[in-house]
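Laboratory data are not the source of any read-out in this text; all were calculated from the coordinates shown. Predicted model only: the values in this text are computed from it and were never measured. Counting neighbours? That spans all protein chains shown, and the Cβs are built from the backbone with ideal geometry, glycine included.
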Amino acid sequence: MTNRFIDLYSDTKTKPTPGMRKAMAEAEVGDEQKFEDPTVNRLRERVCALLGKEDAVFLPSGTMCNQIAIRVHCRPGEEIICDRTAHIITSEGGGPGANAGVMFHPLDGPNGIFSAEMANAAVKDPNNRYSPRTRLIEIEQTSNRGGGSLWPVETIREVAAVARTHGLKLHMDGARLPNACAASGVRAADYAAPCDTLWIDFTKGLGAPVGAILAGPKDFIHEAWRVKQQLGGSMRQSGIIAAAGLYAIEHHWDRLAEDHANARRLAEGLAEIKGVSIDPDALPTNLVFFEIDRPDWTAPRLMAAMKEQGVGIGAFSATTVRVVTHLDVTREDIDAALLVFKRVLAA
């Protein structure tokens, strides 16, 4: 049993730091809906500068960012090209169908990353009235179920070129875009440049308790505000939570490299445990996936056993486990968790 619970289930488990709480408590606020909240307005301006986009809208969650983008870009019966592992397919409760009436053309890209050739082959003939009209291409940076993999800038540009050729839009789910920047050294604006719209999440590696921000052209964001209202995302004195996002950008962005180093240490330790199948060299960011390669163990059983010993992990299938490093996990926590893994799997 560990001295305290070490939660490696997700980077959404982070809690606001004392400095972040102070910034939230002291935030200057106003009516966000009337553009009168100065802290929200500063966050919007900061993110626009960071991503190189014209305008942005602050929202309660990343899922709402995706849902609003899909509603603005698409009409019912139209189609989105994305990877089969995309969050909009696997983890948004069927929202794209319920909220926008859209369909998916899922691609099977290696580690969640498909090529421009695959995207081009998936685009429907707009003159064929028997097929749904392709309207949007969506990518996820980093790819969660792709193991935290990074979309290379050149691949994004190539996919964007396919979108332009066919008159489509390119949207990025940038939930962990800051992790991609930390791992690659590529600026956020360079990843964002080929995309028409994108968003970043403050509640994952950046450690805020709530909030995400959707960015794009002014006319897109103008329409996004209307859909935000329709979906119940309107807020009032939301500078209290926007302050957490500003603090996160200034204080937690660069430190993401620590999470990646801890993930590598964790993966290397797991690779030494009998019954665990993992390649530490294939680990790009803070998401660590491994396989249980023992007939007497399953991922859900391991999840339950680890929890009893003070370590939270995630079971993604009968044999696949995900563990995630983040702001609230230290190097010492990693070493303690590895001892628990060894003890539990030796039992």
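Side notes on the structure shown:
- For the range 107-167, the relative contact order is 38 percent, taking Cα pairs closer than 8 Å that sit 6 or more residues apart in sequence and dividing their mean separation by the residue count.
- Per-residue HN-Hα couplings for the range 171-186 [Karplus 6.51, -1.76, 1.60; θ = phi - 60°; Hz; x = Gly/Pro]: 10, 10, 7, x, 3, 10, 3, x, 5, 5, 5, 5, 7, 9, x, 7
- Amide hydrogen neighbours beyond the local backbone of M103, cut-off 5 Å, H modeled: G77, E78, E79, I80
- In the range 13-128, Cα pairs under 8 Å separated by at least six residues give a relative contact order of 17 percent.
- For the chain, the relative contact order works out to 26 percent when only alpha carbon pairs closer than 8 Å and six or more residues apart are counted.
- Amide hydrogen proximity for E36: with H placed 1.01 Å from N in the peptide plane, the residues at 5 or more positions away or on another chain lying under 5 Å are D31.
- Converting phi to 3J(HN,Hα) with the Karplus coefficients 6.51, -1.76 and 1.60 and the offset θ = phi - 60°, the range 115-130 yields 8, 5, 5, 5, 5, 4, 5, 8, 5, 7, 5, x, 8, 8, 6, 7 Hz in sequence order, with x at every glycine or proline.
- Part-to-part distance (alpha-carbon centres) for the range 1-65 and the range 269-347, which is given in Å: 30 Å
- Only one item in (i) 62, 40, 36; (ii) 60, 53, 35; (iii) 55, 48, 39 matches Cα extents along the principal axes in Å derived from the coordinates shown, and that item is (ii).
- Charge dipole (Cα centre; +1 on Lys/Arg Cβ, -1 on Asp/Glu Cβ; no other charges) of the range 256-346 amounts to roughly 280 debye.
- Measuring between alpha carbons in the structure, the pairs from K204/K307; K53/K204; K15/K169; K53/K124; K13/K169 lying more than 27 angstrom apart are K15/K169; K53/K124; K13/K169.
- Listed by chain and number, the lysines whose C-alpha is less than 17 Å from the C-alpha of K274, apart from same-chain residues fewer than 8 away, are K342.
- The phi torsions of the range 299-307, fed into the Karplus equation with coefficients 6.51, -1.76 and 1.60 and a -60° offset, translate into couplings of 4, x, 5, 5, 4, 5, 5, 5, 4 Hz, rounded to whole numbers, with Gly and Pro shown as x.
- Proxy reagent accessibility, fewest Cβ within 10 Å first, across E36, E258: E36, E258
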